[in-house]
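Have a look at the structure below, then the notes.
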Amino acid sequence: MLQNQGREMMIVTSGAVAFGKQRLRHEILLSQSVRQALHSGHNQLKDMSLPVLEARACAAAGQSGLMALYEAMFTQYSTCTAQVLVTNLDFHDDEKRQNLNSTLQELLRMNIVPIINTNDAVVPPPEPNSDLQGVNVISIKDNDSLAARLAVEMKADLLIALSDVEGLYDSPPGTDDAKFIDIFYPGDQQSITYGTKSRVGIGGMEAKVKAALWALQGGTSVVIANGTNPKVTGHVITDIVEGKKVGTFFSEIKPAGPTVEQQTEMSRNSGRTLASLHPDQRSEIICHLAELLTERQEEILAANKMDMDLAVNAGHLPPAMLNRLSLSPAKLNSLAIGLRQISVAAQDSVGRVLRRTRVAHNLELEQVTVPIGVLLVIFEARPDCLPQVSALAIASGNALLLKGGKEAANTNHVLHKLTQEALSMHGVKEAVQLVSTREEVEDLCRLDKMIDLIIPRGSSQLVRDIQRAAKGIPVLGHSEGICHVYVDANASIDKVLKIVRDSKCDYPAACNAMETLLIHRDILRTPLFDQIIDMLRTERVRIHAGPRFASYLTFSPSEAKSLRTEYGDLECCMEVVDSMQEAVDHIHKYGSSHTDVIITENEDTAEQFLQQLDSACVFWNASSRFADGYRFGLGAEVGISTARIHARGPVGLEGLLTTKWVLRGDGHTVADFSEHGTMKYLHENQPVGQPLAGQRDSN
């Protein structure tokens, strides 16, 4: 409760008229039924109908019930409420206005929530078009104008106007092409088309906007949001107070740059042009970007030094994150090499025919590769990710929205500028956008109508947060990298020591580093086991014992708190299994379907492990650290996916493509193939390497 946090809250409410109408109708019906019973022999009473109820009488009858409802709700939180009824005269008469202000201030001082409503029992009918008459005068015609007047009068910091829609749209919600407006500026009024008023209200969205602008002009911030569906909107009031992007925020100052929604729209439009370019043109863009990385190396490294200095002085980044943040000439040269590999792959990506079928005579079907659409890639302190992902998006013809960590802001800015410079050579500069505004990840994940795929690059916590926040947008990635290495009874000593050391110690923070070492029971108390332990100790790896491993030892290492732990450091869990099958079962139960390894000289055992294990990457006698797009020869990767559909494992260019079906006919109809039709289905598979007869080159 915000009230219990020390915030001063006031509620402007309606409902007295509706409450009273329901109550009076009940009373009238009850009265009529009694009279009907008393005069059952008189037919003239049978056709009695309900009279038209006068609104002021309904308000008088409904106020007590409305306040009883508020009292009952707030009592559950040990909060006291007080009813305040006002009219226009209370604001236009100086003495009454001062008395009202004093009363409200005293209630707030005593931690009492004022429940404020117009005194509809005595108020005259509202005058048309009199709700706004300038900065200093606002007629109290509805709750919106009352809330605005009170907010300015009490010098409130924030006015929240709750509606039955998400906020303000540029045209009535539900109509074609209606776009939600997350930030509204006073100068944008002419671009709004308003709908009808609600069934029970007298204001409507237009009245809310006018009242909001009046309050904004008086110095109060305003948000219009949906307050009708808690299951959808959540804790809307607390979310707004905490600064989350909910509803429509009214601002007097319009930022210089485009909003994230506008950036996404620009990216989508330019991305469609990018997808239509000839493959050679997309390759040229990527090659030019690779050249810029080496030609403008000094500019990039200068920006990176600024980020590194800020991060070191702040002292909040661990050494592993600082290593990721740091760029060097060697890293940039390696990036340029990877980009040139991607440019070659771009020659045969978009528009590639995967299947060709002759459905019938002159009816030819093709399945061809196409871009996914708009990608949102969210990455932490890894500036080298920006040119890699940009190159993959360009090669696959996808529009790209990038959200980098603030730690790499300067480096990302320079790298994005170079990316757009390369894109400009073929007129698609806007296809790759860098979100530089302070958009929260949750806010970006709400753009479900504009973004087709989210790819997180960062910690497991970042990935989990995005997977929770992304409603309606697929997320490609993995939340954890719990990778296992299983040492079989028939393993080679030399291979075990090399692979275990590399899997754990080469880069402990990587998602493909070993986290659990599974040992066959027969290896316990053998020279191989002793050498494994000695090697891990020499490398300063802290061992956590699994429950079975601990039971075999008199003095065991600290027991693992969980067998599903991703340590991300020089730590690992060690556990004992009786067989390869038990190792597979253990990995299925406790693993994350990322990368798992078997070390053995028994080919049959290895093949069973490779076939039975359901992970994105399964290796035999090789380090888990090979699970990487560059090491797989993909040029680069946008991430590693453990999903069951679409791409799995390191996701390179192929993982950023989907397909569409293209059917070429000559006036064909389904009726032609009916029982009495003149045509028959052939369904003949055709070679995909050559164009159909008479078909023009799509490029």
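Laboratory data are not the source of any read-out in this text; all were calculated from the coordinates shown. Bear in mind the structure is a predicted one, so any value in this text is a computation, not a measurement. All Cβ positions, glycine included, derive from the backbone under ideal geometry; neighbour counts span all protein chains shown.
For this structure, a couple of remarks:
- Nearest 10 degrees, 0 to 90: helix 204-217 Cα axis against the chain principal axis: 90 degrees
- All alpha carbon pair distances within region 137-195 were sorted into 5 Å bins beginning at 0; the resulting P(r) in whole percents reads 4, 15, 19, 21, 23, 12, 5, 1, 0.
- Amide H within-cut-off set for Leu159, under 5 Å, with H built and near neighbours excluded: Ser221, Val222, Val223
- Sorted peptide list for 379-392, 100-113, criterion being average Cβ within 10 angstrom, highest first: 379-392, 100-113
- Close amide-amide hydrogen proximity is noted between Tyr486 and Leu518, Val597, Ile598, Ile599, each under 5 Å apart and 5 or more residues distant or on a separate chain (H modeled in the peptide plane; Pro and chain starts excluded).
- One decimal place: the segment Gln83-His676 gains 205.6 nm when fully extended, by the rule 0.36 nm per residue minus the C-alpha distance.
- Protection proxy ranking, highest mean first, for peptides 114-123, 302-311: 114-123, 302-311, where packing is the per-residue count of other beta-carbon atoms within 10 Å, averaged.
- Phi-based couplings in Hz for region 316-331 (Karplus 6.51, -1.76, 1.60; Gly and Pro marked x): 9, 9, x, x, 4, 5, 5, 5, 5, 5, 6, 10, 9, x, 5, 4
- Of all DSSP beta bridges in region 152-254, antiparallel share, percent nearest 5: 40 percent
- Helix-only [θ]222 nm of the chain, DSSP H runs n ≥ 4, -39500 (n - 2.57) each, per residue, nearest 500: -12000 deg cm²/dmol
- If only the Cβ of Lys and Arg carry +1 and only the Cβ of Asp and Glu carry -1, the dipole of the chain around its Cα centre is close to 880 debye.
- Taking Cα atoms only, the orientation of helix 460-469 departs from the longest principal axis of the chain by about 40 degrees.
- Cβ-Cβ FRET estimate between Ala68 and His26, R0 fixed at 25 Å, reported to 0.05: 0.95
- Fewest-first ordering of Arg296, Arg282 by other beta carbons within 10 Å of each residue's beta carbon gives Arg296, Arg282.
- Cα-based helix-to-principal-axis angle, 385-396 vs the chain, degrees rounded to 10: 90 degrees
- Region 164-175 - phi-based ³J(HN,Hα) in whole Hz, Karplus 6.51/-1.76/1.60, Gly and Pro as x: 9, 10, 5, x, 9, 10, 6, 8, x, x, x, 7
- The relative contact order of the chain comes to 11 percent, based on Cα pairs under 8 Å that sit 6 or more residues apart.
- From the coordinates of this entry, log10 I(q)/I(0) by the Debye sum over Cα atoms at q = 0.07, 0.08, 0.10 Å⁻¹ is computed, and it appears in [x] -0.52, -0.68, -1.04; [y] -0.66, -0.83, -1.15; [z] -0.72, -0.86, -1.07 under the label [z].
- Per-peptide packing, taken as the mean over residues of other Cβ atoms within 10 Å, places 335-341, 247-253 in the sequence 335-341, 247-253 from highest down.
- Mean projected area (nm²) of the alpha-carbon convex hull when region 263-469 is viewed from all directions: 13.0 nm²
- Sorted fewest first by neighbouring Cβ atoms within 10 angstrom, Phe180, Phe549 come out as Phe180, Phe549.
- Over region 483-637, Cα pairs under 8 Å with separation of 6+ residues give a relative contact order of 32 percent.
- Between Leu168 and Ile181, Thr248, the built amide H atoms are under 5 Å apart, and every one of these is 5 or more places off in sequence or on another chain.
- Counting neighbouring Cβ atoms within 10 Å and putting the fewest first, the residues Glu366, Glu407, Glu421 line up as Glu421, Glu366, Glu407.
- The string of couplings for region 505-522 from the Karplus curve (6.51, -1.76, 1.60, θ = phi - 60°) is 9, 4, 7, x, 7, 6, 6, 9, 7, 5, 10, 10, 9, 9, 10, 5, 4, 5 Hz, one whole number per residue in order, with x for Gly and Pro.
- Among the listed pairs Lys403/Lys429; Lys245/Lys403; Lys208/Lys471; Lys245/Lys429; Lys179/Lys245, those beyond 22 Å (Cα-Cα): Lys208/Lys471; Lys245/Lys429
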